[in-house]
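Novice: The structure that follows is given in the form of structure tokens.
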Amino acid sequence: MLEPWRTGIVNAADSTIRLRGYDITELMQKATFADTVFLLHRERLPNKHERRLLDAILTSVVDHGSGAPSCATARLAASGNRESLAAAIAAGVLAIGNDHGGAGAACMSLIAEGVALSKEKSVSLAEAANQLADHAKASKRRLPGMGHRVHSVDPRTAVLFAMAREEGIAGDGVLFMEALDAAVREKIKPLPINIDGALAAILYDLGFPPEAGKLIFIVGRVAGLTAEVAEEYAREKPMRIRVPVEYDGVPPRSMD
Ligand SMILES: CC(C)(COP(=O)(O)OP(=O)(O)OC[C@H]1O[C@@H](n2cnc3c(N)ncnc32)[C@H](O)[C@@H]1OP(=O)(O)O)[C@@H](O)C(=O)NCCC(=O)NCCS
């Protein structure tokens, strides 16, 4: 006899499905999708301020153009494999990592490090951010949540930070990232706080653990991937994508 799996997420019985104790039919009628995502991860429903921020974060990351690594990978898989929608979506998710869409997790740990440093050494968040920026520069380490391939200013960051202030959510997470932005500008070069850094600051202030910096991005991005893959199937012919490649290896040679 197998030992039963233990879980605190869902209890599904003959005629009821309870998610963190709430009947799913009640959630369907009274909660939003963002409420349910919050409930899944935090074991309680959000208040209206928390809901607004999580909803905005999920919207902010849905898609960033077909050329963004996760979207491009999903499209490439859909182009070569018409038999599996799931494979194309999974391929897109597999492209999410520390450099694309997943820097939020390391950024949340960096924020925690900065806040702890400021408390331990009784220095301001600005001073803690200065020290971490110095350290990154000296060790040639890239700071997660800073910099962008496309944007010199990420238009999503200011909106999320303003909303976090409006809703009374902004705390050490937002303050630290703003301090880091100033420190990096002075010590390294002007780099935008990208969406991974912005969502990391807010998820930190909302009390989420560091891995949420990746997981919440994935929740939002999957919505965009479904549209990318559906469009590839609907508009394009199979095997549409053949990436141009330039060979620069050894010249032709013989085994004789
Ligand atoms: C997003 C990213 C890959 C863009 O890289 P890029 O296009 O090469 O960046 P830029 O051309 O604007 O700047 C390159 C220079 O700025 C510095 N720089 C860029 N991002 C930096 C960061 N996050 N921290 C510290 N320095 C950084 C680098 O030292 C680099 O100099 P080098 O080429 O001499 O090493 C890069 O900023 C990065 O790695 N960021 C951290 C990961 C992250 O947040 N990813 C999520 C992106 S949405």
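Novice: Exceeding 32 Å between C-alpha atoms, which entries from my cross-link table qualify? They are K48/K137; K48/K187; K48/K189; K48/K140; K119/K187. Numbers along the way, then the final one.
Specialist: Working: K48/K137 40 Å; K48/K187 39 Å; K48/K189 38 Å; K48/K140 41 Å; K119/K187 23 Å.
With Cα atoms farther than 32 Å apart: K48/K137; K48/K187; K48/K189; K48/K140.
Novice: Can you compute the helix-only [θ] at 222 nm over the chain? Use -39500 (n - 2.57) per DSSP H run of at least 4 residues, normalise by all residues, nearest 500 deg cm²/dmol. If you can, show how the numbers build up before the last one.
Specialist: Numbers: 11 runs with 147 residues, N = 256.
-18500 deg cm²/dmol, from helical runs alone.
Novice: Hey, another quick one. Using the Cα atoms as the points, what is the convex hull volume per residue of the stretch 1-49 in Å³? Before the final figure, lay out each step's value.
Specialist: Numbers: hull volume 3.8 nm³, N = 49.
Hull volume over Cα atoms, normalised by residue count, gives 78 Å³.
Novice: Cα centroids of the stretch 1-70 and the stretch 212-227: how far apart, whole angstrom?
Specialist: Between the Cα centres of the stretch 1-70 and the stretch 212-227 lies a distance of 13 Å.
Novice: I need the chymotrypsin sites (Phe, Trp or Tyr not before Pro) found in the stretch 1-100, filtered to DSSP loop residues with at most 10 other beta carbons within 10 Å of theirs. The partial results should precede the final answer.
Specialist: Working: sites: W5, Y22, F33, F38; in loops: W5.
Answer by residue number: W5.
Novice: Pop the C-beta distance of L40 and R142 into the FRET formula with R0 = 30 Å and round what comes out to the nearest 0.05. Don't jump to the answer; show the numbers that get you there.
Specialist: Working: r = 31 Å, r/R0 = 1.04.
After rounding, the FRET efficiency stands at 0.45.
Novice: Also, I was wondering about something else. Magnitude of the Cβ-charge dipole of the chain, K/R +1 and D/E -1, about the Cα centre, nearest 20 debye? Working shown, then result.
Specialist: Details: 30 positive and 32 negative charges, 57 e Å.
About 280 debye.
Novice: Ok, one more. Sorted by packing (mean other beta-carbon atoms within 10 Å per residue), highest first, where do 178-185, 161-168 land? Write down the numbers at each step before the final one.
Specialist: Details: 178-185: 20.1, 161-168: 15.6.
Descending mean neighbour count gives 178-185, 161-168.
Novice: May I ask you to sort I9, I169 by Cβ crowding, counting other Cβ atoms within 10 Å and putting the fewest first? Provide the component values of the computation, followed by the final result.
Specialist: Details: I9 11, I169 23.
Going from sparsest to densest Cβ surroundings: I9, I169.
Novice: Something else about it: Give me the extension gain from M28 to I9: residue separation times 0.36 nm, minus the current Cα-Cα distance, reported in nm with one decimal.
Specialist: Details: separation 19, 0.36 × 19 = 6.84 nm, distance 1.64 nm.
Net length gain for the segment: 5.2 nm.
Each reported figure results from applying straightforward, stated rules to the coordinates on display, with no laboratory input. Here the structure is a predicted model, which means the values were calculated and not measured. Please note: Cβ atoms are built from the backbone with ideal geometry, for glycine as well, and neighbour counts cover all protein chains shown.
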